[in-house]
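The block underneath contains the structure these notes are about, expressed in structure tokens.
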Amino acid sequence: MSDLPQADRAGDAPHPRKTKRLFGQEAAETEFLDAWNSGRPHHGWRLTGARGVGKATLAWRIARFLLTDPPARAETLDPPPGHPALPRIRALSDPALMLLRRPWDDKTKKLKTQITVDEVRRLNGFFGLSAGGRRVVIVDPADDLNPSAANAILKLLEEPPAGATLLLISHQPARLLPTIRSRCRVLRLAPLDAQSLEAAVVQAGGHPAAASPLAEGSVGAALQLSQGGAETYEALIDLFARPQMDRARARKLADACAGRTGAAAYDATMAAIDRLLHRAARAGLLGPPGDAPENEVRTLTRLAPHDAAARDWAQLSQQVGDRAAHAHGVNVDPAAIVWDALARIDAQARRV
């Protein structure tokens, strides 16, 4: 199983449970410790923030803290060195820990597109066999729960087993059931500052130069941009630099994402599309980023000259993300997903 792809691991970077340090999220750590030291910590936590800012790493730090006999009042989430639970947690074999993520499908030979209710049902045995004591469940990410799985998690949040702590990682909270959101205490993780980003990138195996401003404080984005994502984003910026999208170039960009061989190109292209839509929405309100290159400034200025355009791009970002998630879930060809997104951006650009 260790050789199979893992839905909660970003590329070749260390898995979050093996990441040695968490950089730049002292405020979120302090908030959790304050809740713990109050004597009444919440049973359900929702860790939110952009992808790649350390949400999963923090979840695993909290899990190690909770499962290594923490004191009633603690000053740090660091576990005691040499605690016997630490190697079990690292090996995913601790009986008091459960990780829910998109599973591997032996039939299709790829990761499933959702966390299914069958995965959540494993918690019945988990809580039954580990009756008593502190138990921790990590859902990474909770955004991937299908409707049945989400309702099963909701029931646990409504009637939590004794000693249970649920840590729900969420990149896009709007995709969660409102009832799940309302039953969790929120830990918000901010984008990393430049120094923390560079340190985290190096820890993940990247070059310090990968910590570019375009990553916007996200380690995941920095690594992805350094591995071809920057070139893809530049191609996208150039595609929408003119009043009319070059359909032949757009088709070529989409076709590169076709089939299994185009999986990496698909991920990079959808990340670039998401980045463009978010930066366009923000540019409509605040103007283009001051550190943006000249060609991006021109494109963003054309796409989002006022706050009304900002709202439209924000709405389109949500629509494109939802449509892509649904289409990917029912095995629509990735090239068609990308083409649909590009066509929608072009249509919106014409309306500005």
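The values are calculated or read from the model by the stated rules, or taken from the named source; none is laboratory data. Here the structure is a predicted model, which is why all the values come from computation and not from measurement. Reconstructed Cβ throughout: ideal geometry from the backbone, glycine too, with neighbour counts over all protein chains shown.
Okay, here's what the table says:
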| item | result |
| --- | --- |
| Hits in segment 181-194 - residues which are touching a residue at least 40 places away in the same chain (Cβ under 8 Å) and more than 17 Å from the chain's Cα centre (by Cα) | R183, C184, R185, D193 |
| Output for segment 161-180, where each listed residue is assigned to a helix (DSSP H, G or I), surrounded by fewer than 17 Cβ atoms within 10 Å (Cβ to Cβ) and out of contact with any Leu (no Cβ under 8 Å at 6 or more places or on another chain) | A174, P178 |
| Residue that is modelled with the lowest pLDDT [pool: residues in segment 302-352 that are of a type in the set (V, I, T), within 17 Å of M270 (Cβ to Cβ) and not in a helix (DSSP H, G or I)] | V330 |
| Boolean, D78 is on the phi > 0 side of the Ramachandran plot and not aliphatic (A, V, I, L, M) | no |
| Long-range neighbours under 8 Å by Cβ, at least six apart or interchain, first residue not assigned by TED's automatic domain parsing to the domain that holds R46 within segment 156-179, second among the polar types (S, T, N, Q) and part of a strand (DSSP E or B) | none |
| Members of segment 140-188 found to be farther than 24 Å from P95 by Cβ and of a type in the set (K, R), listed by number | R175, R181, R183, R185, R188 |
| Any chance R61 is in a loop (DSSP other than H, G, I, E, B), within 24 Å of L157 (Cα to Cα), among the basic types (K, R) and free of Cβ contacts under 8 Å to residues at least 40 places away in the same chain | no |
| Search result, residues across segment 261-274 that are touching a helix residue (DSSP H, G or I) at 6+ places or on another chain (Cβ under 9 Å) and more than 15 Å from R344 (Cα to Cα) | G262, A263, A264, A265, Y266, D267, A268, A271 |
| Near pairs, Cβ below 6 angstrom, 6+ apart or cross-chain, from segment 232-254 (within 13 Å of D346 (Cβ to Cβ)) to any residue that is of a type in the set (D, E) | M245/D346 |
| Residue count for segment 38-75, restricted to those that are more than 20 Å from L192 (Cα to Cα), out of contact with any His (no Cβ under 8 Å at 6 or more places or on another chain) and surrounded by 15 or more Cβ atoms within 10 Å (Cβ to Cβ) | 11 |
| Among residues of segment 86-102, those that are without any contact (Cβ under 8 Å) to a residue 60 or more places away in the chain and either surrounded by fewer than 19 Cβ atoms within 10 Å (Cβ to Cβ) or not in a strand (DSSP E or B) (or both), counted | 8 |
| Only listed residue being aliphatic (A, V, I, L, M), assigned to a loop (DSSP other than H, G, I, E, B), modelled with pLDDT of 95 or more and farther than 30 Å from S317 by Cβ, chosen from A131, A74 | A74 |
| Listing of helices (runs of 4 or more DSSP H) fully contained in segment 221-301 that carry 1 or more residues being surrounded by 19 or more Cβ atoms within 10 Å (Cβ to Cβ), touching a Pro at 6+ places or on another chain (Cβ under 9 Å) and of a type in the set (S, T, Y) | 263-286 |
| Matching option when the condition is under 25 Å from K110 (Cα atoms) and modelled with pLDDT of 95 or more, among T269, T261 | T269 |
| Qualifying residue in segment 125-138 (condition: buried (at least 22 other Cβ atoms within 10 Å of the Cβ), closer than 25 Å to A7 by Cβ and of a type in the set (S, T, Y)) | no |
| Output for segment 315-333, where each listed residue is surrounded by 18 or more Cβ atoms within 10 Å (Cβ to Cβ) and more than 21 Å from L145 (Cα to Cα) | L316 |
| Segment 199-217: number of residues that are part of a helix (DSSP H, G or I) and surrounded by fewer than 21 Cβ atoms within 10 Å (Cβ to Cβ) | 7 |
| Residue match in segment 25-35 (condition: closer than 27 Å to E216 by Cα, modelled with pLDDT of 95 or more and part of a loop (DSSP other than H, G, I, E, B)) | yes |
